[in-house]
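Beneath this line is the structure, given in structure tokens, with notes to follow.
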Amino acid sequence: MDKPQRVVLQERDAAGTLTRTTVSHIGFSVPDVEATAAFYGRVLGLVVQEQLANGGLRLGWGAGHHVIELVPGEKSLHHYGFEVRDLDGVEGIAKRLTAAGHHVETLDAAYLDAAVGVGVGIVVADPHGTPVHFHTAVQRQGENAADTGRRPIKYQHITLATDDVVPVVQFFVDVIGFRISDQLEDGRFAWLRSDRDHHTLAVVNVGRGGDIDHYSYDLAEWEDFKSWCDRLTDENVDVSWGPGRHGPGNNLFIFFDDPVGNHIELSAEMEKFHDDRVTYVPRRWKPVPNSVNLWGGQLASWRKTSEGH
């Protein structure tokens, strides 16, 4: 069998414009809102912060901006959002999107429920048509009060599922202002950053678009993984992948699923980038299991690589 084509993803135009932007919230359509919310409360310590008119719920850690929104419907990624702390960041994103021909709308004020000062936000469809929110700074005091034995420190990153990595990367890098940290040589996986963390967003080709591959929460340190594996066992939640260590990002990980099958990652020791001090060329990893899991290359049943799987 021929080896897969090598694809080099490029940074152009607005790449690197954002340096203080991170994920803020994620929205899921789920068949049973109450049952899913109960799972997130029992396992991850999230509590209901707001009930929505459409039967949905917003969940957080009791104070500050919500982390998850659940709305009734078939399983899908409903929307996702980023907090932009860069100077004139939201305005700059809006201008670049408009110049590139994207339709930009004002974000509903309800998503700025814990805004610092006067919140500003926009919403735009990503290349698969999923709404993406970009908004100014929000309060995160609920994260700062984390008990690492009982819940994660914070919501860390999202990985989008796609059938074509290139247009998604071009959208977030060339227009929005992210940078490429790492990529697989076959172009089927890319890790993007918008602050000092190795990635706040990743994109993986799974043969379909408009969905989520997984999303991740931060743990404090390696010792927390033992506690969390025991905790998940006590809650009758199977660990579906890990413990392991990713090559790109160098972060420790375990994975498990929520009741509708969304893959959730717990992560720690994410690699940091200091772009204001160095010149960095994105690394290109071989598309083999040992790249995405340095500890022997063991893969989850739902994770494939184009070589060596």
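The values are calculated or read from the model by the stated rules, or taken from the named source; none is laboratory data. Computed from a predicted structure; not experimentally measured. Here the Cβ positions follow ideal geometry from the backbone for every residue, glycine too, while neighbour counts run over all protein chains shown.
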(message) Regarding the stretch 105-113, can at least one residue be identified that is buried (at least 19 other Cβ atoms within 10 Å of the Cβ), part of a loop (DSSP other than H, G, I, E, B) and modelled with pLDDT of 95 or more?
(response) no
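Hey, among E74, E11, E69, which residue is modelled with pLDDT under 95 and either crowded, with 21+ Cβ neighbours inside 10 Å or part of a loop (DSSP other than H, G, I, E, B) (or both)? Show your work before the answer.
Details: E74 fails: modelled with pLDDT under 95; E69 fails: modelled with pLDDT under 95.
Testing whether each residue is modelled with pLDDT under 95 and either crowded, with 21+ Cβ neighbours inside 10 Å or part of a loop (DSSP other than H, G, I, E, B) (or both) leaves just E11.
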(request) Please work out which one of (1) part of a helix (DSSP H, G or I); (2) closer than 25 Å to E271 by Cβ is the condition G81 fails and give its number. (result) (1)
(message) Any residue at all in the stretch 142-162 that's under 30 Å from F189 (Cα atoms), among the small types (G, A, S) and in a strand (DSSP E or B)?
(response) yes
(request) Quick one: which residue in L52, L77 is free of Cβ contacts under 8 Å to residues at least 40 places away in the same chain and either within 18 Å of H157 (Cα to Cα) or over 21 Å from the mean Cα position of the chain (by Cα) (or both)? (result) L52
(message) Looking at the stretch 189-238 only, could you name the residues that are under 25 Å from R12 (Cβ atoms), under 13 Å from the mean Cα position of the chain (by Cα) and among the aromatic types (F, W, Y)?
(response) W191
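Hey, among the residues in the stretch 265-309 that are of a type in the set (S, T, Y) and modelled with pLDDT of 95 or more, which one's nearest to V7 (Cα to Cα)? Outline the logic, then answer.
Of the residues in the stretch 265-309, the ones of a type in the set (S, T, Y) are 267, 279-280, 291, 301, 305-306.
Now drop any that are not modelled with pLDDT of 95 or more, which leaves 267, 291.
Numbers: S267: 28, S291: 16 Å.
Across the stretch 265-309, the extreme among qualifying residues is S291.
Let's see how each residue does on (1) buried (at least 22 other Cβ atoms within 10 Å of the Cβ); (2) at pLDDT 95 or above; (3) within 22 Å of W61 (Cα to Cα):
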{"site": "A161", "(1), (2), (3)": "no, yes, no"}
{"site": "F172", "(1), (2), (3)": "yes, yes, no"}
{"site": "L192", "(1), (2), (3)": "yes, yes, no"}
{"site": "G207", "(1), (2), (3)": "no, no, no"}
(request) May I ask you to verify whether S194 is among the hydroxyl-bearing types (S, T, Y), in contact (Cβ under 8 Å) with a residue 24 or more places away in the chain and touching a strand residue (DSSP E or B) at 6+ places or on another chain (Cβ under 6 Å)? (result) yes
(request) Within the stretch 10-29, identify whether any single residue is farther than 30 Å from D182 by Cβ and touching a residue at least 12 places away in the same chain (Cβ under 8 Å), and answer yes or no. (result) yes
(request) Output the residue which, of all residues in the stretch 31-46 that are within 17 Å of I264 (Cβ to Cβ) and without any contact (Cβ under 8 Å) to a residue 60 or more places away in the chain, is surrounded by the most Cβ atoms within 10 Å (Cβ to Cβ). (result) A37
(message) So L184 ticks every box in (1) surrounded by 22 or more Cβ atoms within 10 Å (Cβ to Cβ); (2) under 15 Å from the mean Cα position of the chain (by Cα) but one. Which box is left unticked?
(response) (2)
(message) If I ask for residues that are crowded, with 17+ Cβ neighbours inside 10 Å and acidic (D, E), which ones from the stretch 219-256 would you list?
(response) D224
